[in-house]
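First comes the structure, then the notes that go with it.
What follows draws every value from the coordinates through simple rules; no lab data is involved. The shown structure was predicted, so the numbers you read here are calculated from the model rather than taken from an experiment. Positions of Cβ are backbone-derived with ideal geometry, glycine not excepted, and every protein chain shown enters the neighbour counts.
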Amino acid sequence: MHTKFNRRNFLRGSGALVALPALESIGFRRFASAATKVSVAIPKRAVFMGIGFGVTKETWYPDKADIGAGYKLPEGLSPLARHKTDFTVVQGCSNQYSNQAHWGSTFWLTGANRYSVPGQNMANSISADQVVAQQLGMDTRFSSIQLDSSDGGTSGHGPGLSLSWDQSGKPVAGFNDPVQMFHKLFSADDLPLEQRQAAISEKRSVLDAVLTEAKRVQRGLSSNDDDKLEEYFQGIRDVETRLGKDEDWLDKPKPKAPLEEPPAGLKGKQEIEMMYNLIVAALQTDSTRALTYRMPGQSLLKSMDVKHSSHNVSHYSPGERMEASKARDQMHSTLLAGLIDKLKATKEADGSSLFDHTALAFGSNISSIHYLDNCPTVLTGGGANLNLGQHLVLPKDTPLCNVWLTMLQGMGIKAERHGDSSGVVEELQA
């Protein structure tokens, strides 16, 4: 055992998917026969996918009286029929503080009270995916990945740079181009190692100078200014954490891409399909264990040859706009069914599927026609140990964060509450 390795490398590897060749490469050949008898620990993952303006209430939601496993699948969800035993539809949830009918994702994963910070007209809190990232993102190259195809302000998502918000309630930026995301995941950095190390050192020097100056002006500040400065310090700590992770992975090559580089300029349906492929690839290579995708509205309709804007389609009434809304719902269900197919087809080291270890949520903070109650919610994947294959109707205005808390705890995440949660959803627990 002459191969050089340190305790940090070993600990990092022990939390990730460990394959036999990796053990041999760090000098543990004599344990090889024993390792083959030990079951591989497969990590849990979480994926949250948000649509902006909601769904068509007449054809997307199952009948509220038709609950349990034997419910009739509605028209809007019919393309998911082959996966019916593997997803659950939840009704009755909402975010009690939501009051913006065009904000379909700003508070979707946070459940925040936007007026909770005096003097601010919009405040947010940490999103569910970032809670996952804090606890499961230490052993992956990327603590979390955010994808954003939201067409700017035309798709009903509201403020934010993605679905994700950090622990200070600040927006987390997302990748809005499949090509850019592909290269971030799989393309090697052309700069020599020494130059990349020097760049990180330079950034640290700048942070140190900024931190020193901030501490100098801290004395004598008002309480409100102290709070603002603490947010500033937290931002610096977050940057330091990211720099530390970048440094840890500097000399580790990126995984081989399990798919071809995407063509440039994809929009609408094709863009969603490619983003779904990249989600599977990111999970398959254990590049991250927390993913969000803020999905397009306007470009999706355009790719379906719908002439109305996504906003006007959301204001449907019987006729052409309602048919467009229904067609959009079915397209989303068709694409989601395809994603589930890919997750089921992608095998893990122990022979199980990626689907078995991934918790996936699909929905919006807006239900339909700008209503903010009964948020459309579909849950699938085996990663959170949920009771799947059912239609669940919860009491009106149940906090949506109760669902997120149930998912988090089902993944083994240590969380006593999230957002405005009042407890877990026992009917969801397997």
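Could you size up the charge dipole of segment 267-364 around its Cα centre, putting +1 on the beta carbon of Lys and Arg and -1 on that of Asp and Glu, and report it in debye to the nearest 20?
In debye, rounded to 20, segment 267-364 gives about 340.
With a point put 7 Å past each Cα toward its Cβ, work out how far D286 is from H308 in nm, to one decimal.
Taking the two extended label points, one gets 4.8 nm.
Please give, to one decimal in nm, the separation of the simple spin-label points placed at S352 and R216, each 7 Å out from Cα toward the Cβ.
The two pseudo-label positions are separated by 5.5 nm.
Filter K57/K396; K84/K396; K84/K184 down to the pairs with a C-alpha to C-alpha distance above 27 Å, please.
K84/K184
Under a plain spin-label model, where a point goes 7 Å from the Cα along Cα-to-Cβ, how far apart in nm are D251 and A199?
According to this spin-label approximation, the distance is 1.9 nm.
Students often check this: by mean Cβ neighbours within 10 Å, which of 396-404, 350-358 ranks highest, and how do the rest follow?
Top of the packing list down: 396-404, 350-358.
Provide the gained length on full extension for the span S116 to K57, in nm with one decimal, where the gain is 0.36 nm per separating residue minus the Cα-Cα distance.
Using 0.36 nm per residue and subtracting the Cα-Cα distance, I get 18.1 nm.
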